[in-house]
Amino acid sequence: MGGIQTSEFIQQKFAEHYKKNLSSILPPSKIDNREFAFLLFKEKTMVRHRGFTSAESFQNFLLEAEPSDVYYSSAYFERPEAEMDAKGWLGTDLIFDIDADHIPTQCDKQHDMWTCKNCGASGQGAKPEKCAKCGGLKFSELNWLCDTCLESAKKETIKLIDVLEHDFGFSEKELRLAFSGHRGYHVHIEDVAVRTLDSMARKEIVDYMAGIGVELGVYDFEKGVTPSLDGPGWSARIAKGTYEFLLSTTKEQLEKAGLSKVTATRIVEQKNTILETWKNKGPWRMLKGIGPDNWKRILQQGIAQQSVKIDTVVTTDVHRLIRLSNTLHGETGLKKVEFAAGEIERFDPLKSAIAFTDGTIRVKVGETPEFRLGDAVYGPFRNETAELPTAAAIFLLCKRVAKPLEEPVIVQ
């Protein structure tokens with residue numbers, strides 16, 4: 001569904017929002033050294049290599065362009081408007097992007113959909129590598145968002161904050177945290193200490209977050225040399241992750257991790273004994289028939305529990321564009337919203353990111369799952385007409401599962 005009429009309607013609503021809220025949409029620090037980019041509604045074209053010297057000049061362009069999405073470079077350049085090889089790189093902020101797309105959840109099988117662009121075959125969940133009906137390789141996708149996938153992204157972000165503060169030594173005030181406006185969170189660090197890190201150095205940070213290269217050979221279970229909840233860095237994280245894994249594990253999960261059926265059964269039967277030992281901070285009780293190799297397989301599960309699932313490309317790319325705070329997301333009509341790191345536990349993105357708070361819009365809605373915005377739940381819809389609060393209607397229009405049944409009121 002959708003088309004030119006829908007795009008024009010959304011564009012006018014976005015333009016109206018920006019005109020009303022222009023004073024809250026500020027450029028990033030060191031505006032003179034940033035590249036800006038704008039994704040336009042018309043043919044979804046990207047305008048790049050734009051530079052501005054003041055908030056006023058940026059805001060005037062925003063009103064003129066009426067974009068669907070607004071980005072700026074995480075990098076600093078001598079000449080932001082030049083082509084990439086002539087910009088004169090000065091450094092880059094440290095950026096982390098956590099998105100539900102990179103986190104395994106069960107909810108995507110309920111609300112995400114794909115359609116083969118060749119034959120029109122469709123299905124739910126993640127798109128296949130190729131269409132089973134015609135062998136096609138190109139698909140259109142509808143990635144929804146719900147409390148389950150947003151909560152999974154929040155949990156990963158909380159893990160990321162913990163690593164940045166306790167292992168890397170950043171303070172809460174140095175972490176700029178934001179909901180992306182769609183299915184995840186951004187963590188942004190502008191400290192001068194990180195600016196000149198090259199891609200390889202940033203790859204080392206990415207590997208640390210994922211637990212890649214953690215050396216398990218330093219542990220000797222027979223001598224009681226084991227990961228400790230009181231240990232530094234990954235030692236404590238392995239202990240915590242392994243504890244969490246064993247707390248809820250099943251024989252099937254242990255067998256999948258590489259343990260024999262006999263060993264898996266023994267661990268499950270004596271799980272409480274093992275966990276009770278850890279409450280006393282170890283050493284971990286050695287159980288008959290569970291040798292060092294098996295324990296290391298279990299520790300790998302602990303690492304997986306504690307690894308932070310970030311978009312690795314975003315962090316390692318020293319020229320990365322990132323969405324500007326307080327601007328709208330073209331796929332949802334929600335805002336990118338910044339908030340203090342200490343507020344993340346109680347932060348509700350589906351309330352705080354709502355941009356359109358006035359009025360209603362009549363729309364023709366196709367097939368959608370149930371969704372929440374604010375305190376209200378909408379849908380599921382099955383090819384029906386509905387009059388919805390503007391935020392909910394814009395959300396469906398941006399997802400291209402609805403079309404407007406009225407003309408927007410243009411604010412002069």
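Give me the pairs: first residue in region 103-117 and closer than 20 Å to K309 by Cβ, second residue crowded, with 19+ Cβ neighbours inside 10 Å and of a type in the set (K, R), beta-carbon distance under 8 Å, and six or more apart or on different chains, which are they?
Every condition considered, the pairs that remain are I103/K309.
Within region 121-140, how many residues turn out to be of a type outside the set (G, A, S), part of a loop (DSSP other than H, G, I, E, B) and under 22 Å from the mean Cα position of the chain (by Cα)?
We begin by selecting, within region 121-140, every residue of a type outside the set (G, A, S); these are 124, 127-131, 133-134, 137-139.
Filter once more, keeping what is part of a loop (DSSP other than H, G, I, E, B): 127-131, 133-134, 137-138.
Keeping just the survivors that are under 22 Å from the mean Cα position of the chain (by Cα) gives 127-128.
So the answer is 2.
Would you mention how many residues in region 11-28 are within 24 Å of the chain's Cα centre (by Cα) and either exposed (fewer than 15 other Cβ atoms within 10 Å of the Cβ) or part of a helix (DSSP H, G or I) (or both)?
3
Being loosely packed, with under 15 Cβ neighbours inside 10 Å and out of contact with any Gly (no Cβ under 8 Å at 6 or more places or on another chain) is the filter here, so list the residues in region 226-252 that pass it.
D230, G231, P232, G233, L247, S248, T250, E252
Sort out which residues of region 39-67 are in contact with a Lys or Arg (Cβ under 8 Å, 6 or more places away or on another chain) and more than 26 Å from D191 (Cα to Cα), and write them in order of number.
F61, L63, listed by residue number.
Looking at G330, G366 in this structure, which one is closer than 30 Å to L63 by Cβ, surrounded by 13 or more Cβ atoms within 10 Å (Cβ to Cβ) and among the small types (G, A, S)?
One residue alone meets the criteria, G330.
How many residues, within region 333-361, are surrounded by 13 or more Cβ atoms within 10 Å (Cβ to Cβ), in contact (Cβ under 8 Å) with a residue 24 or more places away in the chain and of a type in the set (D, E, K, R)?
Final tally of qualifying residues: 3.
T327: touching a residue at least 24 places away in the same chain (Cβ under 8 Å), of a type in the set (V, I, T) and outside the structural domain of I31 (by TED's automatic domain parsing), yes or no?
No: the conditions fail for T327.
Exactly one of (1) within 21 Å of the chain's Cα centre (by Cα); (2) in contact (Cβ under 8 Å) with a residue 60 or more places away in the chain is unmet by V194. Its number?
Of (1) within 21 Å of the chain's Cα centre (by Cα); (2) in contact (Cβ under 8 Å) with a residue 60 or more places away in the chain, only one is false for V194: (1).
Let me spell it out: the conditions are (1) in contact with a Ser or Thr (Cβ under 6 Å, 6 or more places away or on another chain); (2) over 29 Å from V314 (Cα atoms), and K223 meets all of them except one. Which number is the exception?
K223 satisfies all of (1) in contact with a Ser or Thr (Cβ under 6 Å, 6 or more places away or on another chain); (2) over 29 Å from V314 (Cα atoms) except (1).
What are the residue pairs meeting all of these: first residue in region 220-237, first residue assigned by TED's automatic domain parsing to the domain that holds G302 and in a helix (DSSP H, G or I), second residue exposed (fewer than 13 other Cβ atoms within 10 Å of the Cβ) and at pLDDT below 80, Cβ atoms under 9 Å, and 6 or more apart or on different chains?
S235/V218; A236/D230
Quick check on region 61-120: of everything there that is under 19 Å from the mean Cα position of the chain (by Cα) and assigned to a loop (DSSP other than H, G, I, E, B), which residue is nearest to D198 (Cα to Cα)?
Among them, the one singled out is D93.
Considering only region 34-51, state which residues are surrounded by 20 or more Cβ atoms within 10 Å (Cβ to Cβ) and not acidic (D, E). Lay out the reasoning, then the answer.
At the first step, the residues of region 34-51 found to be surrounded by 20 or more Cβ atoms within 10 Å (Cβ to Cβ) are 34-36, 38, 41.
Matches in region 34-51: R34, F36, F38, F41.
Which one of E156, E129 is of a type in the set (D, E) and under 16 Å from M209 (Cβ atoms)?
E156
Which one of these does T157 not meet: (1) outside the structural domain of E338 (by TED's automatic domain parsing); (2) in a helix (DSSP H, G or I)?
Just one mismatch for T157, condition (1).
Would you check which residues across region 10-40 are touching a residue at least 40 places away in the same chain (Cβ under 8 Å) and of a type in the set (A, V, I, L, M, F, W, C) and list them?
Answer for region 10-40, where residues must be touching a residue at least 40 places away in the same chain (Cβ under 8 Å) and of a type in the set (A, V, I, L, M, F, W, C): I10, F14, A15, L22, I25, L26, F36, A37, L39.
Against the condition under 17 Å from the mean Cα position of the chain (by Cα) and β-branched (V, I, T), how does V337 come out, does it pass?
Yes: the conditions hold for V337.
Give me the pairs, please: first residue somewhere in region 372-396 and on the phi > 0 side of the Ramachandran plot, second residue anywhere and buried (at least 19 other Cβ atoms within 10 Å of the Cβ) and not in a helix (DSSP H, G or I), beta-carbon distance under 9 Å, and either six or more positions apart or on two chains.
G374/I354; G374/P389; G379/V365; G379/T368; G379/F371; N383/V365
Would you tally the residues in region 191-218 being farther than 13 Å from S307 by Cβ and part of a loop (DSSP other than H, G, I, E, B)?
8
Mind listing whichever residues of region 42-64 are hydrophobic (A, V, I, L, M, F, W, C) and in contact with a helix residue (DSSP H, G or I) (Cβ under 9 Å, 6 or more places away or on another chain)? I'd like the intermediate steps shown before the answer.
Narrowing region 42-64 to residues hydrophobic (A, V, I, L, M, F, W, C): 46-47, 52, 55, 58, 61-63.
Within region 42-64, V47, F52, A55, F58, L62, L63 qualify.
The values are calculated or read from the model by the stated rules, or taken from the named source; none is laboratory data. Keep in mind the model is a prediction, meaning the values are calculated, not measured. FYI the Cβ positions are ideal-geometry reconstructions off the backbone, even for glycines, and counts take in every protein chain you see.
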